[in-house]
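These notes are about the structure you will find just below.
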Amino acid sequence: MFNFEITALGNMFFGLTVLVFVSLFFVPNKHRSVTLYSLLFASLACIFYASDLITLFIGWEIMGWSSYFLIAKTADKQTLQKYIVFNIGGAFTLLGAIILIYGACGSFVYSELDFSAVPSGQVTAITILLLLTLFVKSGIMPFHYWVVDSYSQSNDLFSAVLSAIISKTGVFAFILIFFQIITVQYLQTPILEVVAWLGVLTSIIATFKAINEDEAKRLLAYSSIAQVGYIVTILSIMGSLSLEAALYHTVIHTFVKLLLFINVAAIIYVSKQHRFSTLGGLLYKYPLNFILLVVGIISLAGMPPLGGFSSKFLIYTALLEEHKGLLLAAVLFSSASAFLYCYKLVYGIYLGQPTNPKTEAYPRIPLRFYVPQILGAVILITLGTIPGVIVPMFNGILGSVGFEPVLYRGVFVLGSDFASFNGGVVIGAFGLIFVLILLFFVRLKNRSVKPKDRLDISYCGEVPRADVNLHYGYGMGRELSRIGLIKMILSRSSHALWQRVSTLFGDLSGITQKLYTLSAQNMGLVIFAFFTILLYMGVK
Amino acid sequence: MLETLNQTTFLHTVVAIGSFTIFTIGLVGVLSKKNLFKIFLSLSIVESSLFLFFIGSHFEVGKAAPIVADGIKLFDGHMVDPVPQAMILTTIVIGVAVLALSLTFVVNYYRLSGNIDIDKMDELGEVQ
Amino acid sequence: MIGVLIVIIFTALTVIAFWVVSSRDLSSSVIYFMAFGLGSTVLYVLFSAPDVALTEAVIGAGISGVVFLVSLLQTQTKEDT
Amino acid sequence: MSLVYFIAIPILASFLTPFYKNYLRFVSVLVNILLAGFAAFFYSRLPLNEFISLDSPLSIIFILDYVSFFFVSLFIGVMLFFSLYSIKEKNNTAVFVVTNIFTSGALGLILSADIFNIYIFFEIASISAYILTGLNRDKVAYSGAIKYMIVGAVASIFLLLGIMLMYLNLGYLTLSSIGAGFHTMDKGIQYLVLLSLFIGFGIKTEILPLNFWVADIYQATPTKIAALFSAVLSKAYLFVFFHILYTLKVDAPALLFLTAIGLLSFAVAELSALRSKDVKRIFAYSTLGQLGVLFLALSSANVVVVSGALFLILVHSISKLMLFFSLDLVEKKMHSTRVEAFAGFRSAFLFTIFAIGFLSLLGIPPFAGFIAKLTILKGFASMGAYGIVGAILAISLVEATYFFRLLSANQRSKKTAEIKVPLLQKIMLSLLALAILYLGLFPQGLLDFCTDAAQTLIQGVIHV
């Protein structure tokens, strides 16, 4: 039953898991359940090191239900129902795919699976089922309903786990299954084409949803969906460079989301506020937190000089190399729009006027919140400076999956024959510019005027009342909805559909329930009617 | 005329038709009557019709009762097959046991609820 | 001869069964039921099944009838409808 | 040593009750331990046929082959568990009198290999079930019992009809001879016989159009007894039905029909549970659903699927025992089995037990239900019946929704009462939970036995 195998791919994901779990261990948390977290950890190990599909499935399911119990304490009824329907449903499609694979190949063990003799229709069915599973776990668009609510309503620590690790299991399984088990030549390109576009559309839609979001954790959840969307898009190209890009982005995104979720969690912990409209102006109170956030969002937006740029660079070059111009444009569009919500994080929480009068009374952030953040920041900065340092690990994975590594083995230089950049030079240049700007502002500081209270806007023409929300984050993104396409994206909500489906099933259930309350006599009538019908059918 | 009446095949037909009629009457009683006593009476009649059918279908004209008397040591071709009779004996006894039990329940139910109408038994069902 | 008897008794049993089911008065229903038991006893005798006949007479007609009557006494004797 | 002891000892134990009225609960435990000893004794002597009186075509035969041994040991285990679990209930002699008869009825059903004995034990088991339903002695219980008796009487009428038709046409009662001669019968009669058997057993095995009474009966029955119905009674009828069916070697369309009925049964039952507001009824619906799966799996005539079904029977029995017994504890404290009451208790132990039971029923690893489900699905995959695989998985999703709804209701709501589980109950329930976990992690030994049993079942009773 339980068969394990240590692989380079498993090592990478498991390494990420260990780092995330260990650093999160320091974070204070009200709902700390050691049993459930260790179960979750064990299940992740089970997924990453499995050597047959059953072990993978066991890990997958344990991950599903242990996360459920972790969420259940804080989430509301509907969120939980969505979570369970999507995740158990996803697991069952995985089981269905596994059973199909067993029917086709007669085995569960990775190394014994051979799809060369399997009819292509069956391979397509298997592929679609597996993709459904992966899409559900990583929240690709039509299957993302559960993600945002679950991320935002679970406790702050677990949101980080969900986004940093659990959404990556989908990526892991994608690489494992489509790069290693069902190898490239058996996969139909139309499916991959669809997957690529689904991924990129997901990232665009999620980005705009994020911009319009007023709740910090929901914003991060949408951002997480968008980022995993890139990964799926780039994976679906199925080339060496794209695989390395996907792996790189996985690593970056794990630490970015670890950093950002814990960063926000720290603010929520001290302020008990989780909406941008009730936060703001915390820069001078929590400067360290602010700096860490900046590190996180620079990486999230994929700007040089931090780690995010390295992975985005690889993604763009991979798309260019395969001549996927349209996809590249879409990714660039979504990536550029991501600046908007990144800015919202900075402004909404740290800049502007504090909207909440209690701001002065907020306590200090416990130091333990900084452990995962600093870990993330150090890694992101390192990967920005010496981006080539983890390339050997990726090359090892590519080798084990049967692909030719294409990335250079330099430390400062990241890139393939196609394009490359020197992380040291980039960070040096940006560092210089940064220092210059800093000096400029330090000079300006003496001349700036400090406001006395939040309503003191002495340079404006009018004097606002106390109930006017002056916060910039309040209503941000509202103007965007004037643009037709974006308005369409924003106005669509899964809620109504979900409501309709659950009402439908409830009504059906009500009808069948009526049957089970038949009186004894009607029961007898049913029995004899059934007997007569069968008799009639038999006689005929 | 009377000769044909005495033939086994004819008798079997009579038994089949007769017991089927009684079965149907009982069945209609079970399904249409609202009084619990009536339902259990009808069930007994349905059962009895089955017994009649079984014993009757096994009977062949001219065969004696399967009783091993002084001279006869073995069951043979002149006797009716004893197995169905043994079966029916057992079944009748079981039937009465079940009947007594069900009537106990009916009486007890009546004492608690003052009702022996099957349509008024609404204690069970989905809570809302 | 036996054929005629069997036909007659079956007819009678059918009628009695109908009475059992259709009678308004529950106690007369039970009486009819006992009569039904006796009728089938005769049939069992005709079918060369004296042991079944005995059992039916004592248990099928006798005891069940009594059980019915006793429980009727404890409840009501008229059918409501 | 004779197989009759399996039936005689429990029935004697309850008939001799006046001699040890106050100690019957201990006697019941002893009886069940004794039976377990017998089972262990017979294990090395499988398979076993035993004739009582007369020669082969007419004699009373008991057989104990792999599959009946599986059921016998399962039932003895369940009854032993039940008697140990309720050993502290001093004033409840009536339960033990009836459960002992119930045991012997169920064991008799499993062991007897001639069709009339099957009828007799069918009735014995049914009668004890009627009495058990009425045990609470209130309006609800009596009305449930009356309903049960009417439906049960209809079932036994159909079974009797089938048996009579078979005997009239073949002159045999033993299963093996009937199996050998069945196909010499007229086609129409064959169909009628099968139909009567299907209706008779279908009512008792709680299969779709014939199972509309079940939820009410479970609701009326004392909660712990409902566990016995779910774990023992329905399984006994199920086994006997398929034992007869495979012995008669029915043709493929008939089996396909049963498969369809099983699937439909599964779907409708799970759908009904979705909106139910009474936990006991939800468990009843879930039992119906699982019986649908069993029906569907057992009618596949495939060794792998059937062995998975046997595994599922064991797992389902354990899970339902666990769930109903825990629900009984909840009911005692909250005086209700409604969902609100279920949501209101506080007990980490009971919550864990419920969670394990639910996950196992859903077939979610690492619990034993997963192995059963996997084996069944694997078997269907090897038959190429992917449609059934998909249907089972889709319906299981519905099942997951309501089970997790219950769990989250408890986890999220305001707690009104703390339940302290007594030590004995705690130990017993943990044993069941551990068994589920153990079977989920190390299923191989049991699976091997199930494969043997499945082969025996599919082969039918062979003429000796």
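Which of rounded, prolate or oblate describes the range A:376-415 when judged by the alpha-carbon gyration tensor and an a/c cut-off of 1.5?
Because a/c hits 1.5 or more and a/b fails to exceed b/c, the range A:376-415 counts as oblate.
Please list the radius of gyration and Dmax for the range D:201-242, considering alpha-carbon atoms only, with Å as the unit.
10.2, 29
Rank these for me by crowding, D:LEU441, D:LEU173, going from fewest to most other beta carbons within 10 Å.
Starting with the residue having the fewest Cβ neighbours, the order is D:LEU441, D:LEU173.
Taking a ≥ b ≥ c as the square roots of the eigenvalues of the Cα gyration tensor of the range C:2-74, is the shape rounded (a/c under 1.5), prolate (a/b larger than b/c) or oblate?
The shape class here is oblate.
In degrees from 0 to 90, rounded to the nearest 10, what is the angle of the helix A:391-401 Cα long axis to the longest principal axis of chain A?
Taking Cα atoms only, the helix is inclined about 10 degrees.
With labels modelled as points extended 7 Å from the Cα through the Cβ direction, what inter-label distance (nm, one decimal) is found for A:SER120 paired with B:THR90?
Reported label-point gap for A:SER120 and B:THR90 is 6.5 nm.
Beyond 50 Å, how much of the Cα-Cα pair distribution for the protein assembly as shown remains, as a whole percent?
That tail contains 39 percent of the Cα-Cα pairs.
Over 29 Å between Cα atoms, which of A:LYS82/A:LYS209; A:LYS358/D:LYS415; A:LYS30/A:LYS77; D:LYS90/D:LYS426; A:LYS137/A:LYS217 qualify? Working shown, then result.
Details: A:LYS82/A:LYS209 19 Å; A:LYS358/D:LYS415 33 Å; A:LYS30/A:LYS77 20 Å; D:LYS90/D:LYS426 19 Å; A:LYS137/A:LYS217 18 Å.
Over 29 Å Cα-Cα: A:LYS358/D:LYS415.
May I have the pair-distance distribution P(r) for chain D, computed from all Cα-Cα distances with 10 Å bins from 0 and rounded to whole percent?
For chain D, the binned pair fractions read 4, 22, 33, 27, 11, 2, 0 percent.
Taking amide H positions as placed 1.01 Å from N in the peptide plane, with prolines and chain starts having none, which residues 5 or more places from B:PHE59, or on another chain, fall under 5 Å of its amide H?
Those qualifying (amide H under 5 Å, at least 5 residues apart or on another chain) number zero.
Go through D:137-149, C:42-54 and give me the packing order, highest mean Cβ count within 10 Å leading.
Answer by packing, highest mean first, reads D:137-149, C:42-54.
Could you order peptides D:264-271, D:17-24 by the average number of other Cβ atoms within 10 Å of their residues, highest first? Display every interim value, and only then the final one.
Details: D:264-271: 24.4, D:17-24: 12.8.
Averaged packing, sorted descending, gives the order D:264-271, D:17-24.
What whole number of Å gives the distance from the Cα centroid of the range D:72-138 to the Cα centroid of the range D:208-245?
13 Å
Once the piece of chain linking D:ALA417 and D:MET1 is laid out straight, how much longer is it, given 0.36 nm per residue of separation minus the C-alpha distance between them?
The D:ALA417-D:MET1 span can extend by a further 144.6 nm.
Using only Cα atoms, find the angle between the long axis of helix D:444-459 and the longest principal axis of chain D, and express it within 0 to 90 degrees, rounded to the nearest 10.
Tilt relative to chain D: about 40 degrees.
Name the lysines eligible as straight-distance cross-link partners of B:LYS63: C-alpha to C-alpha under 21 Å, and not fewer than 8 places from it in the same chain.
Correct list for B:LYS63: B:LYS73.
Cα centroids of the range C:1-79 and the range B:37-59: how far apart, whole angstrom?
10 Å
What is the fewest-to-most order of D:CYS450, A:CYS46, A:CYS342, A:CYS105 by other Cβ atoms lying within 10 Å of their Cβ?
A:CYS105, A:CYS46, A:CYS342, D:CYS450
Sort A:SER67, D:SER413, A:SER120 by Cβ crowding within 10 Å, fewest neighbours at the top.
A:SER120, D:SER413, A:SER67
Which percentage, to the nearest 5, of the DSSP beta bridges contained in the protein assembly as shown is antiparallel?
Details: 16 of 19 bridges.
Given both bridge residues lie in the protein assembly as shown, the antiparallel proportion sits at roughly 85 percent.
Loop by DSSP (not H, G, I, E, B), at most 12 other beta-carbon atoms within 10 Å: where is the longest site-free stretch of chain A for chymotrypsin sites (Phe, Trp or Tyr not before Pro)?
Of all site-free stretches, the longest is A:1-283.
Report the FRET efficiency, 1/(1 + (r/R0)^6), for A:SER38 and A:LEU283, where r is their Cβ-Cβ distance and R0 is 51 Å, rounded to 0.05.
0.85
Per residue of the range D:196-210, in order, report the coupling 6.51 cos²θ - 1.76 cosθ + 1.60 (Karplus, θ = phi - 60°) as ³J(HN,Hα) in whole Hz, putting x for Gly and Pro.
5, 4, 4, 5, x, 6, x, 4, 6, 8, 6, 10, 2, x, 9
Helix check for chain C. Which DSSP H runs span at least 27 Å along their own axis by Cα, with a mean Kyte-Doolittle hydropathy no less than -0.5?
Once both thresholds are applied, what remains is C:2-22, C:26-46.
Give the distance, in whole Å, between the Cα centre of the range A:31-81 and the Cα centre of the range A:490-537.
Value for the Cα centre distance between the two parts: 33 Å.
Specify the angular offset, from 0 to 90 degrees and rounded to the nearest 10, of the alpha carbon long axis of helix A:77-105 from the longest principal axis of the alpha carbons in chain A.
60 degrees
In nm², what is the average projected area of the convex hull enclosing the Cα atoms of chain B?
Its Cα hull, projected and averaged over all orientations, spans 11.9 nm².
In a Gaussian network model over chain B where Cα atoms closer than 10 Å are linked, find which of B:VAL46, B:VAL30, B:VAL107 has the largest mean-square fluctuation.
So, out of B:VAL46, B:VAL30, B:VAL107, the one fluctuating most is B:VAL107.
Take every residue in peptide D:264-271, count the Cβ atoms of other chains within 10 Å of its Cβ, and give the average of those counts. Don't skip to the end; give the middle numbers.
Working: counts 0, 0, 0, 1, 7, 3, 2, 8.
So the per-residue partner count for this stretch is 3.
Taking beta carbons within 10 Å but only from partner chains, what does the mean come to for residues D:411-419? Numbers along the way, then the final one.
On the way: counts 8, 7, 0, 0, 0, 0, 0, 0, 0.
For this peptide, the per-residue mean of nearby foreign Cβ atoms is 2.
From other protein chains only, count the Cβ atoms within 10 Å of every residue's Cβ in C:64-76, then give the mean.
Numbers: counts 10, 1, 1, 8, 7, 0, 3, 14, 5, 1, 6, 12, 6.
For peptide C:64-76, the averaged partner shielding equals 6.
Every number in this text was worked out from the coordinates using simple rules, so none of it is lab data. Since we're looking at a predicted model, the values are computed, not measured. So basically every Cβ, Gly included, is an ideal-geometry build from the backbone, and we count neighbours across all protein chains shown.
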